[in-house]
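Structure first, commentary second.
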Amino acid sequence: MKIIVAIKQVPARDSQLRIAAGGKWIEETDLAYEINEPDAYALEEALQLKEKHSGEVVALCAAPERAGQTIREALAKGADRAIHIEEDMSSLDPLAAARVLAAAIQTESPDLVLTGLQSDDLGYGQTGVILAELLGLPHATIVMQVEKLDGSIRVKRELEDGWFQPVEMPLPALLTIQSGISKLRYATLMGIKKAKSKEVKRIRAADLGVTPGAQSIVLERVYLPERAKRTQLFEGNPKEAAAKLVEKLKFEARVI
């Protein structure tokens, strides 16, 4: 069973973000980077499937040279090899990014493609499903459990209000994995040593015969949330005012 896991490198959660001079993105020169958390869960699910059913796990990453650190982490955790598309994808919308990833995946003919549900930086939540459409694969989103059957898989999707949906689909297929599906593993010392000798295929988008194409989403400006103080008075008796306050806290502030 060959599984390809698309992983993305994103700014570390504790990074101090500053807006770049152009105002269209953040200043990247002094940032620390890490693997996108939902993608880490997708990798973990792929490794567990490999341990149960044997096969191969291939990490796929489209990012600048600095993503080598994230790729080595995936290899150290247990991925067998990696494909590094050395392109700066930060300015690409989900459709353009999916076109590049799809071209690389088509050369591998995997049984299963896993992605994280969304990225921690842009959070579109669209790349995985667009990728499935480009590859012509059946897909399921917000997946919390994967079970391999004879020539197919059964997955459990998370719905609203604590509901779940079981879905069975043929292979090959694509799944977007929800964070928290399982406990993430740490790379062992032996895994870190083995990662140094594992294959990392470095290519460019042009080598795949693909160009991202015109952007369907244009990012005009990035800015920090504006802070403003606002006072609102609730009229009526104390009981009515309390009810209005609770409604505001629950549906607008979303703190209760």
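Bear in mind that the values in this text are calculations on the coordinates, not laboratory data. Predicted model only: the values in this text are computed from it and were never measured. Note that we place each Cβ from the backbone using ideal geometry, even for glycine, and neighbour counts take in every protein chain shown.
Take 188, 231 and order them by how many other Cβ atoms sit within 10 Å, fewest up front.
Taking fewest neighbouring Cβ atoms as first place, the list is 231, 188.
With unit charges on the beta carbons (Lys and Arg positive, Asp and Glu negative) and the dipole taken about the Cα centre of the stretch 2-208, which residue among 106, 197, 177 sits farthest to the positive side?
197
Of the DSSP beta bridges with both residues in the stretch 2-208, give the percent that are antiparallel, rounding to the nearest 5.
40
Any idea which of 166, 128, 231 is furthest toward the positive side of the dipole for the stretch 97-256, if Lys and Arg beta-carbons carry +1 and Asp and Glu beta-carbons -1?
Going by the Cα projections, it comes out as 231.
In the chain, what is the volume of the convex hull around the alpha carbon atoms, normalised per residue and reported in Å³?
171
Report relative contact order for the stretch 48-175 in percent, whole number only (criteria: Cα-Cα under 8 Å, sequence separation at least 6).
Computed value for the stretch 48-175: 19 percent relative contact order.
Mind checking the dipole of the stretch 83-142: about its Cα centre, +1 per Lys or Arg Cβ, -1 per Asp or Glu Cβ, Debye to the nearest 20?
220
I'd like the distance separating the alpha-carbon centroids of the stretch 113-141 and the stretch 29-97, in whole Å.
The two parts, judged by their Cα centres, are 14 Å apart.
Rounding to the nearest 20 debye, state how big the charge dipole of the chain is about its Cα centre with +1 on each Lys and Arg Cβ and -1 on each Asp and Glu Cβ.
Using only the charged Cβ atoms, the result is roughly 520 debye.
Beyond a 27 Å Cα-Cα separation, which of these cross-linked pairs lie in this structure: 52/183; 156/244; 50/193; 24/198; 52/198; 8/52?
From the list (52/183; 156/244; 50/193; 24/198; 52/198; 8/52), the Cα-Cα distance tops 27 Å for 156/244; 24/198.
According to the square roots a ≥ b ≥ c of the eigenvalues of the Cα gyration tensor, what is the shape class of the stretch 161-241, taking rounded for a/c under 1.5, prolate for a/b larger than b/c otherwise, and oblate for the remainder?
prolate
Taking the chain as a Gaussian network, where each spring joins two C-alpha atoms under 10 Å apart, which residue of 28, 226, 158 fluctuates the most?
Maximum fluctuation in the GNM of the chain, among the listed residues, is at 226.
Given H placed 1.01 Å from N in the peptide plane, which residues other than close sequence neighbours of residue 25 have an amide H under 5 Å from its amide H?
20, 222
Could you list which residues have their amide H under 5 Å from that of residue 34, counting only those 5 or more apart in sequence or on another chain, with H placed in the peptide plane?
10, 12
Report the gain in length on full extension from residue 53 to residue 2: 0.36 nm times residue separation, minus Cα-Cα distance, nm rounded to one decimal.
Extra length from residue 53 to residue 2 when fully extended: 17.3 nm.
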